[in-house]
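Here's the structure we're looking at; comments come further down.
What follows is calculated from the coordinates using simple rules that are stated; it is not laboratory data. Since the model is a prediction, treat every value here as computed from it, not as a measurement. All Cβ positions, glycine included, derive from the backbone under ideal geometry; neighbour counts span all protein chains shown.
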Amino acid sequence: MSTRSYDMSEIPPPFQPKRGKEIAKVIEFEDTLFQTYTWHALDTVPYRGRVFIIHGFREIYPVWLPFIDSMIGNGYDVFYFDQRGEGKTVLKDGSKGYPYEEFVFKSTTFLIDYNLKEMEKEGKDTKKFNMLGFSRGGVLWSPGWV
């Protein structure tokens, strides 16, 4: 039995979006450096809103690329972030960290607010902000989010 671990974030994605440009950015919150990815909707279609993706446990963003490609081609901006302990997100000391519940709620709320401010700066209607969660990401909730 092998005990070797793999960093899935280093494996090239099997699917490359055909449309749009990925904007990778590190956003700092408390002791964590979140790796984030944003794609803007194509200019050739009517703007419909922004999709904020909260991934599931042990996921990495390449799994979402076919969906993201479809969304940007249909008028949606997409924001994805590696949760604490996942992907390329790390603590300031370089370690992976752990996604304990209190921090997940606080950091996700922070990133939602970040997105809403970005939408305002871009002159986009914040009522067109949508959240999509899968697995662990789908069970996150906060009274202020609904």
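Sum up the charges of everything whose Cβ sits under 13 Å from the Cβ of Tyr80, counting Lys and Arg as +1 and Asp and Glu as -1, but leave Tyr80 out.
Working: positive: Lys25, Arg50, Lys88; negative: Glu22, Glu59, Asp69, Asp77, Asp82, Glu86.
Around Tyr80, the surrounding residues sum to -3.
Would you please give the FRET efficiency between Asn130 and Leu42, computed as 1/(1 + (r/R0)^6) with r the Cβ-Cβ distance and R0 = 22 Å, to the nearest 0.05? Each step should come with its number before you reach the end.
On the way: r = 17 Å, r/R0 = 0.79.
Efficiency at R0 = 22 Å is approximately 0.80.
Over segment 14-136, how many percent of alpha carbon pairs lie in each 10 Å bin up to the one with the longest distance?
Taking every Cα pair in segment 14-136, the percentages come to 13, 45, 33, 8, 0.
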